[in-house]
1. Quick one: divide the alpha-carbon radius of gyration of the stretch 103-162 by 2.2 N^0.38 Å and tell me what you get.
2. Compute the distance in nm between two label points, each set 7 Å from the Cα along the Cα-to-Cβ direction, one at Gln344 and one at Leu305.
3. So how do 248-259, 265-276 stack up, highest first, on mean other-Cβ count within 10 Å?
4. Please say if the stretch 286-362 is rounded, prolate or oblate, where rounded means a/c under 1.5 for a ≥ b ≥ c the square roots of the C-alpha gyration tensor eigenvalues, and otherwise the choice is prolate for a/b larger than b/c and oblate otherwise?
5. For the stretch 251-359, which whole-number percentage of the solvent-accessible area (1.4 Å probe, protein heavy atoms only) is attributable to carbon and sulfur atoms?
6. Can you list the lysines whose alpha carbon sits under 19 Å from that of Lys236, skipping same-chain ones fewer than 8 residues off?
7. Please report the net charge: other residues with Cβ closer than 11 Å to the Cβ of Phe318, K and R +1, D and E -1.
8. Points 7 angstrom from Cα along the Cβ direction at Asp334 and Leu288: gap in nanometres?
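The values are calculated or read from the model by the stated rules, or taken from the named source; none is laboratory data. Note that the structure is predicted; figures quoted are calculated from it, not measured. Reconstructed Cβ throughout: ideal geometry from the backbone, glycine too, with neighbour counts over all protein chains shown. These area figures cover heavy atoms from the full protein model, side chains too; ligands, DNA and RNA do not enter into them. Shrake-Rupley method; radii C 1.70, N 1.55, O 1.52, S 1.80 Å.
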Amino acid sequence: MADAKVIPFDDDRSRSGSASRPARRRTGAGSGGGRGDGSTAPVSALPGGRLPESPSSLSDGVEGAQDPQQPQEEAVGGVGAPADAGGGWDRRIAGGLAFLRRRVTGDYEVDEFGYDKELTDQVLMSALRPLADKYFRVEVKGIENIPSDGGALIVANHSGTLPLDGLMLQVAVHDNHPAERHLRLLAADLVFHLPVVNELARKAGHTLACAEDAQRLLELGEIVGVMPEGFKGIGKPFGDRYKLQRFGRGGFVSTALRAGAPIVPCSIVGAEEIYPMIGNAKTLARLLGFPYFPITPTFPWLGPLGAVPLPTKWTIQFGEPIPTDGYPPEAAEDPMLMFNLTDQVREQIQHTLYKLLVQRRSVFF
């Protein structure tokens, strides 16, 4: 009987019994898969483009090694992705707790007008942003006409029965301007007489619509917003939509001239239809101390549901700025100049409104 031939246990031939099955090669030095002359045999890629896994690569993976041909996204995914996501949530929770601690301890800053930048950015803007982005789908044009630094006066039309257009304008400036500038709106006296609304308006950076406050903000280099139509614009009937009312006596022009700040005309389309005002209960308005009491197709007939605005499509366009720094200091006292500049701003806003209305496909799309 011939001597029995001993077959090593780790030989590939003992696993399948087929001599045609290719052996798996190791890439590490000193492995048994090398050539007889001591050099390492070349490893060819599979048809899928990736090298076959080897035991050494699996063991090295425990130490964080990565296949050089493996995409970076695959390396980040898997076990690492949930860790990164968890780290993001951890940071958010930590930031929220730190914010609450500062609010409780009073360790935050407000300016001389009561403006709370941290609260505005972290809370108020976050609450208004879904309304602007998802509900009204505000489209912003001409944001480059707002200067990156220094003061400027934005003059816009006013409409919508409730002053949501001012809030959407504030979000549009902050979220679309490259410098993320904050808009400081000039509000009517009624805003600061209402409980809760008064405090929120101050915290959001709004101030009383008076020449002294407006000039002070412009001299501090802030972006100031004014809607000269006032209650005449926001409370006009639906039949007069997009027809600008009188712009007052041009006080905003005088303020811009004194501060040497440019005037940026702004046209807002879409706000007129959120609460179509078909009537005005004047007697009830006088009893409540309001300038008007709106009657719409849904309010007050549907109760609280009637206060939900219609989801119209908005467009906000900023026009070319009108410079005022070239006028002499006494120009602010020239009534003819103020009348001409006021009329110029008004006509530019009205013309842009008509142009946007012609381009609009639908009230809701």
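1. Working: Rg = 15.4 Å, N = 60, 2.2 N^0.38 = 10.4 Å.
In units of the globular-protein estimate, the stretch 103-162 measures up at 1.48.
2. Between Gln344 and Leu305, the label points sit 5.1 nm apart.
3. Details: 248-259: 22.1, 265-276: 24.4.
Packing proxy ranking, top to bottom: 265-276, 248-259.
4. Details: a/c = 3.79, a/b = 1.73, b/c = 2.18.
Here the stretch 286-362 falls in the oblate category.
5. Values: 3480 of 5430 Å².
Percent of accessible area from carbon and sulfur atoms in the stretch 251-359: 64.
6. In chain and number order, the partners are Lys282.
7. Working: positive: Lys141; negative: Glu144, Glu320.
Residues near Phe318 contribute -1 overall.
8. The answer from the label model is 4.6 nm.
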